[in-house]
Each structure stands twice: as structure tokens, then as C-alpha cells.
1. Within region A:56-99, name every residue whose backbone N is under 18 Å away from a label modeled 7 Å from Cα of residue A:3 along the Cβ vector.
2. Could you work out the Rg to Rh ratio of region B:365-505, with Rh taken as the Kirkwood radius (inverse of the mean 1/r over all Cα pairs)?
3. For chain A, which longest stretch is free of loop sites, where a loop site is one of the GluC sites (Glu not before Pro) that DSSP puts outside H, G, I, E and B and that has at most 13 other Cβ atoms within 10 Å?
4. From the phi of every residue in region B:448-460, what ³J(HN,Hα) in whole Hz does the Karplus formula 6.51 cos²θ - 1.76 cosθ + 1.60 yield, where θ is phi - 60° and glycine or proline is x?
5. Please list the radius of gyration and Dmax for region A:1-267, considering alpha-carbon atoms only, with Å as the unit.
6. Given labels modelled 7 Å from the Cα in the Cβ direction, how far is it in nm from residue B:68 to residue A:156?
7. Using unit Cβ charges (K, R positive; D, E negative) and no other charged atoms, how large, in debye to the nearest 20, is the dipole of chain A about its Cα centre?
8. Which of the residue pairs A:304/B:170; A:254/A:344; B:47/B:228; A:223/A:344; A:400/B:170 have a Cα-Cα distance greater than 20 Å in the structure shown?
Amino acid sequence: MTAANLPALIPLAYLVTALLIQLAGAWRRSLAPTLAVTGASAGAVLALAGLVRVAASGPLSYELGGWPPPVGIEFVLDGLSAFMVAVVTVVGLVALVHGGRTTATEIPGRVVPFLSASMIFLTGLTGMVLTGDLFNLYVFLEISSLAAYALLAVGSRQAPLSTFRYLTMGTAGASFYLFGLAFLYLEAGTLNMADLGRILSLVESHAPVIMGLTFMGVGMALKMALFPLHGWLPDAYTDASSAGTSLVAPLGTKVAAYVLLRLFFYVLEPEYARGLPLLTAVGYLGIAGVVWGSVMAILQPELKRMLAYSSVSQVGYIAAGIGLASPLGFIAAVLHILNHAFMKACLFLVAGSLRLRRGHSHIPRFDRSLRRAMPWSMAAFALAALSMIGIPPTAGFFSKWYLALAALEQANWVLLAALVASSLLNAVYFFRVLERMYLVPAPEGVGTAPAAIEPGEVPASMLVPTLVLAGGLLVLGLGNAWLVTHLIRPMLPAGL
Amino acid sequence: MIPYETYPSVQPLLAVLVSLAAAGLIVASGRRPALRETWTLAAAALKFALVLGLVPGALAGRAAEVTLFEISPGVALALRADPLGVFFALVASGLWVVTSVYSIGYVRAGGEANQTRYFASFAVCLSATIGVAFSANLLTFLVFYEMLSLATYPLVIHKETPEALAAGRKYLAYALTAGGLLLVATAWTWQAAGTLEFRPGGIFAGSGAGPGTIRAIFLLALVGVGVKAGIMPLHGWLPSAMVAPTPVSALLHAVAVVKSGVFGVVRLVGFVFGPELMRDLGLAAVLAGFAGATVVLASLIALRQDNLKRRLAYSTVGHLSYIVLGAALLSPSGLSGALLHLVNHATMKITLFFCAGAIYVSLKKKNVSELDGVGRDMPWTMGAFTVAALGLAGVPPVNGFVSKYLLCLGTLEAGEVAALVVLLLSGLLNAAYFFPIVHRAFFRPSRDPVRGREAPAVMVIPIAVVAVLSVALGLFPNLFFDLASAVTAGVLAGPGGGVTAGIGP
């Protein structure tokens, strides 16, 4: 096994585990969670090895079946994809460890297919990130999407209905992408990303290219829940099981954002992309989403739903960074992909812990008994909330910092205003929750109603992942300059 | 030009970290109050000693500096104990020692709940304050400034009453807005000036940034620090925050937090924008205008407050703007006077808050109108109150006289008669809102049939210490005056800093 195989091994690890889980699960169900965690660990280790390798000695490429590109499909581990695949695998692993307990409680009897589907979901996501072929990307997009529908449909009674909406929208998004890709293929005659990039700059008639890019952009905007195409997200995330949400929510939308980055700045010449009104539109829709998502989050009484709307807002930050089409904007977008994956995963994990211990995650029913019962979970939630608001030295502050630098560089006052407004709105909806968790006394008489299923802090298998993510926010915050200098700057596309 | 040389030393970092470590220990020993309080006292003493150790260097033109690691490419998390930083750190850490003793007496006598959270938050606040003082650049400053905003929140909502929660929300709304604007100002400074480092005389000179840009950055940054400095109309949170326990009002809302804002103003004026730009772009005039208006208006509002702590809060708002006004004068005596007022107001106002707390703990009285004859029940407390009240009105030999004298001298140097009038008028108003309290306490018969008692010794001793300190600093202002002179010399001799010109273009 040489390093050159790494790009293909990562999705393969998940795919093999998905099969093994089914087989072993049929024999003995209790094996499934262990297998899932093992497979996810293998994926994470491979991805981190790839990250180190790429940082040390440049990109890796793997030709599938020995067919050389552009005819064959290649898997590419370069700066951006190595970074992204590391985020996906690590956060996926953490979510799966935490999910071991919640799946057993919330969806007993469906654990084996659930875990198998989550492996396929991760296969799809890592495949999307690693592939160097735009059509292959569509295939992996469908793989991850179908798995995501399955993951989200298992949950409360409304979950299948909400997921059906997601399925409709998601399929539309994927079809848009495919449709757009057809335009590009007709013009350029190739599907390989690098090849397409070379040929597109020679194409004379721009209308079909722009048409194709717009379709692909809209498709990805749907998948990443960019305002105003976010309608599917809140319901789907709220009604799913805790494990499903904490796996899909931090990762699914990010990978769609990755595709936009890949498409605009690597496949296309950055210089060309900068002139596209489409890119500007992505940026401004992002800004609108930042504000809209935050406002909607304030109105939600259900924690998971609030976090879902907050995702709409945070995806907006990423889109705004992409829309600026500058090195600083790119840095802000990529850094926020990482930071937000950590924060949002941490918050959803706590929401899952609350559902396990209290049987609900309904904000008006929180009270200060939580701070005594679950001190560590609450502390992790508080830290992640502060990061979302953007208090230094947490990671979220530095996302804001780079975005502010990028916005100032182009005198984008709208984005700056949205940044300031959004951290205030974030403060409103998070302190609303924190106040209840820490300060508001339990209503008299109802104190010991059906609420408490089991008192006390969650078991270590759930607490450790939560604390790892929360601690990670401080590490990512204080180490952000290192990340930017050593990982993100080297991946900046030429010509941006 | 840097009028002091730097040398590497971790001492400033230790001074920041010691109370952060203490906060951890406090939480860990929450079940054993005696041990927990030991941590607070030990950390306070150690921190003071560490800061004290930096004073000789600062006076001799040598600043300890520690550069940790980059927190943004090109900007390091760096601490530097320059004269101004040492000045502020000395005030905050010195008064924390006294406040810690008083706090222990206050929360025990008052039977407060959540004492562990209280002491831990207090320790974190002090770490952030010292961090603010020693920050070597604007981004480091912003990091500690935001930490301070946040660490104060648990203290504001300490009582967990609906009123306290409302005050907490108001406080957060002000503080986080300010933080957001300061973030934008910091990023913009980086873009326009190419550096964030604090340099005496400013960093914008020769950067090529247009006057419009600099004015906009100044306004954003001013709102950012002005909220904590209580410059009207940004002061609204401060009177509401008086719902916090009195030691919090004393140390944080009269010294550490609000003075971080004022300190920020001085940093901006002297070390980011520089006296020359302040004058040429008319920024000093804007600053002086807001500060002058605040001095007068806050005093007028203080006259009408019956709640003792609220009266003190409005008095604080007024006195904070003395310092801002002094900085805006850009004259040697004005800036020295402003800095001296930073320490002098701290000792006097902390005395007054301590007294208000002692009255509350002993007699459960909060309002000025209930204080008839209190002087006979609590002679020590009210005696100290009288000393501090005289000082704030500017009566010698209490230290308030010294700084006010220098400030007045500064207005004359700058040729600003309007500022002089404001200062003198405010002296009269101070007398008008403080002396009735003294009069009630000592010269009116008590309406209570039962005689009250003096507060416990752990509270009275700190009160006496800060009152004596106020007088002592009035008689021997040398140490702080020398530090202030070092700051003034550096700032006003910066890139082209003229020494005697007035405000305005």
C-alpha cells in the first residue's frame, strides 16, 4: 500500500465498512456500532495521513482502473481536497462515536441499516471531494444524497415527510447539476476537471458555458441550502434522529460549498469566475442568508430547529466568502467550513445528549437544573455558542475576522454590516438558550414531570466527543494563523 | 519612535495567567470555601507583586515584552508592559487585592448564592483586564476586551432575578455591539495602516490612508471603546448593571471594566491615531465635545438619583469622561492629569462603592433618602465616604484635587476655556450630589428607632485602606505621576507631536 493509493482508499474504507456492517449485523447486531467506529477511524486516519503527505510533498493523483485521465476517472488529493476530506472524516467519526448511544435509544431496531447508510453517506461525501471528474462527482453526489435521505427519514413521525421534501429538492438540485454539466460537456468534450479547465479557456461561445455554470451553481446552492433555496433544511434536520442530524448537518452542506469552490476557482480560471454575475449573486444571497437565517433562528422554540436555521445563516458566511472571489475571501470560506463543522457538530451533539437525558430539546422547557445535572455538556454548548457569536479566542471569531478583512479589501459595506448584525442576532438566540440552561428556575410543581428520563451527565462515549469538539474550537481559534499559513494559503488556486 | 526599549520577559504573561489559573482552582475547590478564598487572595497578591515588579523597568524606559504566536498572519498575540500598560495594570491589580478581602466579607455577610461562580468570574475578569492593559497590538487588545465583556456577564446576572437578567441582556447588547464595531475598526486599521501595533504617536502617520478613512475608523473604534468608557450616549448599560453585587460595582464598574474602555480611548488617541492626526482631522474636538457633554449631563442626572449605587454610577460616567476629556486635550498636563484621574477616581470611587455595600449589608438600605443619621451607626464607613466625596469634588489634600488641578492646567495649555468651565462646573455639581449624603448621615437625626451596627471588620478594613490610599495618593502622587509623565513624553513626542497646540484644526 503506497501513498499514491490514498485518494482511492479513503472512500473505499467507508464502502467496505458499509458492506461489513450489513453482513456482521445480520449475524450479531451488537457488532455494527464497533465496526462503524472502526471504519470511520480508518477513514479519518487515512485522510489525516493524506493531509500530512500533501502538505509535505504536493498533490497525489490516483487513476481508477489504470485508465489515464482525461478518459479515465482520477481521484485527486490536493491541498483543498485533503483539507476538506480531513474535516469530513474527523467530524464524521466524532458524530458516529457520539451516535452510538443515541441510536440505540432513539431508533432501536434500525441501528444496523442506519450505520450502514452513514458509511455510504461518508463514501459519497469523501468521493465528491476527492474525485477529479465532474460526472463522477455527480455519481458520488447521488450516493451521498440517497444515503442522507435514508439517514434523515429515520426519526420522529414527521421525519419521512420532511425527508420527502428534501428528496424532492435534493433531486432537483442534483438534476440541475447534471443538466449544467451536459452544457459544459457539449462545449468542451471532456469531464475531467483539469482538462475541462484548460479547454474552457479556449471555448469561444460563452453563452452555453455560462448557462451550464448557472445550472450547476443553482444545483449546488440547493444542496448547500443557500438562501432562498434553504426551505428543505429546517424540517429535515429537526425531525431526524439525533445521530442522523449530527452526521448530516455539519457535513452535507459544506461539501456542496466545496463543490462551488472547486468549480469556480479550480475548474474555471479565477480571473474568469470573478467576472461572472453568478458568483456575485452567490455572495449576496449568502449575505441575505446570514441575516435571514439568524432572524428565523431567534423565532424557533425547538433547539434543533434553531440550530438548523443557524446553519442557513452560517452557510451564508461561506457563500459570502466565495462571492468575494479574493484570496482573503477564499481563506475565510475554507476556514469557516472547518470552524462551522466543529461548532455545529458540537451543538447538535449536545442537542442529542439533551434528548437522551431529558427526552426533548424544546427550549422553553429548559431550566437551570441542567447546569447542575449536565455541567460538562452545558459548558461545551456554551463554548460552541460563544464561538458562533464570535467571541475571541474561539474559532468563530477568526472566521469573522478574515471575512471582515476580505470585505474591507473590496469595500463591501453590506457584508460588514451583515457580519456585525449577525453576531448580535447570534447572541440573541444563543443567550436565550444559555439563560434558560443556566439561570431560569424550573417552573414550580412541574419540576419532576415526565421530563427526566435519566438524571445526570451523559456517558463518556457521548461526553468525550462533545468535549473534543468544544476544546477543538479553542485550538482552532488560537491556531488559526498556523492553519491559514500552512494549509490554506498553499492551496490557494493560481491566479486568485 | 519608541521612547523605551523592550526586553523579552514572560512576566506580563504570568501576570495575566495567574488569575486565570486561580479561576480553575476556584472552580475545583468550590465545595471548600476557605480554600477557595485562599486562591483568590493568593492570586490577587501574586498578580499585584508581578505587576509591581514591572514598575521599575517601565520608569527606566525598559518594557518587558512577550510575543506568543501569530493569531492572524502578521499579527501576534503579544503583551508589552509599557508605561501606560503598567500604569493601568497597577491600578487594577492593586485594587483587586483590597476588593478580594472586601468581597469575601460581603458575600459571606450577605449570604450570597453561587459564590464559586462569583469568585471565578471575578478572577477571569482580572486576567482579561491585565491582558487589556498589556496588549501590544490592537488585535490582542480586542481579544482581551471581548473576554472581559463576557467574563463580566455572570457577575451582572449574579442575583438571577428578572431584573438582573434584564440588566445582563442590556449589558450584552451594548458590549457585543461595541465588540463588533471594534472588530471592524481593527480589521480596517490593518487594511489602512498595515500594522496593528501600538506605537507612541500613532501608526497612521505616513500610511497613506485618506482622512475620510481615518475618520471612519476612529468613529467605529470610539464607539467600540466608548461603550465601556460610558461616554454618553453609550452609557445606558452602566446604571442598569448596578444590580450586580457591590464589590462588582466597585472594582469592575468603577475600575477594571469601565477603565478598560477609558484606557482604550487613551490607547487609540496616543498609540493608534496619534496626537497630530487627532488634531489635524478634528477628531480631538469630536472626542472632547462628547466627553465634555457627558461630564455635565451625567452630573446633572446623578443629582436626581435616589438609589445610592445609581447615583454613584452616574458619577462614574461623569468622571470617566474627565479622563477622556483630558486625553482629548492633547497637552502634557491634560494627558498626565487624565492618567492620574484614572487612578485617583479609582481609589475614591471604590471607597464610595465599598461604603454603599457596607451600608447595604449592615442596614439593608439602598437609597439616599434613608440615610438620615447613618453616620452615628457607621462612623468609620461614613467617615471614609466623606473623604472620598470631598476628593471627587476636588478638595485637597485628597487625590482628586491633584488630578483635577492637572486637568485644569491642561485646558489652559491647550487654550480650551470651554473645557475649563466644564471641569469647574462639574466640581460644583459633584459637591451638590455628594454633600447632601454626608449631611444626612452626620447632621440629621436617625429615623430608625433601632441603632444599626458598623459593618464587619473584613469590610471596614478595606474601606479604611482605600480611603487612606486616596489621601496618601493626594499627598504623594509621585509614583503615578512619574509613570504618567513617561507616557505623556512618549505620546506627545511621537511622530511630529507638538506639545502645546490646542484642540481643533
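Each reported figure results from applying straightforward, stated rules to the coordinates on display, with no laboratory input. The shown structure was predicted, so the numbers you read here are calculated from the model rather than taken from an experiment. Counting neighbours? That spans all protein chains shown, and the Cβs are built from the backbone with ideal geometry, glycine included.
1. A:56-63, A:75-86
2. 1.11
3. A:205-443
4. In residue order, the calculated couplings are 7, x, 8, 6, x, 10, 5, 5, x, 4, 4, 9, 5 Hz.
5. That works out to 18.4, 61 Å for Rg and Dmax.
6. Once both label points are built, they end up 4.2 nm from each other.
7. Its charge dipole is roughly 1400 debye.
8. Exceeds cut-off: A:304/B:170; B:47/B:228; A:400/B:170.
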